[in-house]
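Engineer: Got a structure for you, questions after.
The values are calculated or read from the model by the stated rules, or taken from the named source; none is laboratory data. If you're wondering where the values come from, they're calculated on a predicted model, not measured in any experiment. Because the Cβ atoms are built from the backbone with ideal geometry, glycine has one as well, and the counts that use them run over all protein chains shown. Note: accessible area is taken over every heavy atom of the protein model, side chains too, but ligands, DNA and RNA are not part of it. Shrake-Rupley method; radii C 1.70, N 1.55, O 1.52, S 1.80 Å.
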Amino acid sequence: MLDLIIVGAGPAGLTAALYASRAGANVLVLDGGAPGGKLNLTAEIENYPGTKMKGPELAYSMYEQCLSFGAKQEYGEVTKIENKEDYKIVYVGDKSYEARYVLIATGTKERKMNIPLEEEMTGRGVSYCAVCDGPFFKGKTVTVIGGGNSAIEESIYLSDIAEKVNIIVRRDVLRADQYLVDKLKQKENIEIHFLKKPYSIEVTDQKVTGLVVSDSKTEELSTITTQGIFPFIGLDPITDFVKNLDIIDEYGYILVDENQETKVSGIFAAGDVTSKQLRQVVTATNDGAIAGQYIASLLK
Ligand code: NDP
């Protein structure tokens, strides 16, 4: 029986693992992907105090630090968590693990545009990760969808690789922070198309050649010539596997108290997957520290 199983190895999960294992707990971190979560998809982290690093570098440094205090890590996608009176069972396919406490730190996944050919062309011109796929579009035209912090930040990143970056915004204003908007204005190869919504994808010879957009007011259709499409239109929580526990709000985010505990005793959540205002690396690590330290104190 483990003391704590952490589901999700992003900044929240890794920080909880650091605090709990450093306080002597026997901790296992499970994740279906590489440790670091969304840090691995982020070019530059410039608002985590005291550091200016590439996302994957910060991810690796957090990962190494929690392993150095004895936390263990395994790959595996958790499919269900079962609540027993004084322990929990965590299922990974047909395998299962038991622990006194469980912390859910699975974060969020990219929202899809839900337009024709989006799924078929993912990885063949449609991408949700500028850092991963941006280099394929050197000297080409790419189109980013969205007006939030992600869309603007990634457009700035892509503008150093692609010849031209179009941004499609469904309203007539950007939602992104002013600091990023100011940075965007300095880029000469970025064009913003306000009041446009993605409608369909044009494909020629199995390659993306254009994005058809509809006008938000008149619904008139027009085509933007582009070889790459990068949707950054928001995020949805990864909580399908905890539906049986009745701990999520109407949007799918997990509700927690000041110790990051859900209404199910012994089941905690931290980071972007929880219901909160500000989803940042710094707030994820904050949640993870609170949960890790509190869980360790329960084991004493
Ligand atoms: P946001 O929800 O902030 O923005 C989503 C954007 O996509 C909005 O412009 C929205 O338009 C638009 N949109 C939503 N649905 C559609 C659709 N179906 N078609 C077209 N456009 C659509 O998401 P982000 O991913 O940008 O950010 C998520 C969170 O992460 C935020 O809290 C953000 O602040 C944070 N973040 C912070 C960063 C930083 O501080 N450096 C970097 C990246 C993210 P509308 O405005 O009309 O709703």
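Engineer: Hey, does region 67-75 have a residue that's within 16 Å of the ligand (Cβ to nearest atom), buried (at least 17 other Cβ atoms within 10 Å of the Cβ) and not charged (D, E, K, R)?
Structural biologist: no
Engineer: Taking region 151-175, which residues are buried (at least 24 other Cβ atoms within 10 Å of the Cβ), near the ligand (Cβ under 10 Å from one of its atoms) and outside any strand (DSSP E or B)?
Structural biologist: Scanning region 151-175 gives ALA151, ILE152, GLU154.
Engineer: Of everything in region 263-289 that's away from the ligand (no atom under 15 Å from the Cβ) and open to solvent by less than 60 Å² (accessible area, probe 1.4 Å), which residue is nearest to the chain's Cα centre (by Cα)?
Structural biologist: Of region 263-289, the ones away from the ligand (no atom under 15 Å from the Cβ) are 263-270, 288-289.
Among the residues that remain, those that are also open to solvent by less than 60 Å² (accessible area, probe 1.4 Å) are: 264, 266-270, 288-289.
Values: VAL264: 25, GLY266: 25, ILE267: 21, PHE268: 19, ALA269: 15, ALA270: 13, GLY288: 16, ALA289: 19 Å.
Applying the filter and picking the extreme gives ALA270.
Engineer: Still on this structure, please answer the following. So is ASP240 of a type in the set (D, E, K, R), over 30 Å from PHE136 (Cα atoms) and under 17 Å from the mean Cα position of the chain (by Cα) or not?
Structural biologist: Answer is yes for this residue.
Engineer: Another question, if that's okay. Against the definition (more than 30 Å from TYR91 (Cα to Cα), over 17 Å from the mean Cα position of the chain (by Cα) and part of a loop (DSSP other than H, G, I, E, B)), how does LYS217 come out, yes or no?
Structural biologist: yes
Engineer: For the structure I just gave you, tell me whether GLY93 is among the small types (Gly, Ala, Ser), in contact with a helix residue (DSSP H, G or I) (Cβ under 7 Å, 6 or more places away or on another chain), open to solvent by 20 Å² or more (accessible area, probe 1.4 Å) and closer than 17 Å to VAL29 by Cα.
Structural biologist: Judged against the criteria, GLY93 is not a match.
Engineer: A further question follows. Every residue in region 156-166 that is in contact with a strand residue (DSSP E or B) (Cβ under 7 Å, 6 or more places away or on another chain) and in contact (Cβ under 8 Å) with a residue 40 or more places away in the chain, please.
Structural biologist: Of everything in region 156-166, those that are in contact with a strand residue (DSSP E or B) (Cβ under 7 Å, 6 or more places away or on another chain) and in contact (Cβ under 8 Å) with a residue 40 or more places away in the chain turn out to be LEU158, ALA162, ASN166.
Engineer: Another question, if that's okay. Which of the residues spanning region 1-33 are surrounded by fewer than 22 Cβ atoms within 10 Å (Cβ to Cβ) and under 13 Å from the mean Cα position of the chain (by Cα)?
Structural biologist: GLY33, the sole residue that qualifies.
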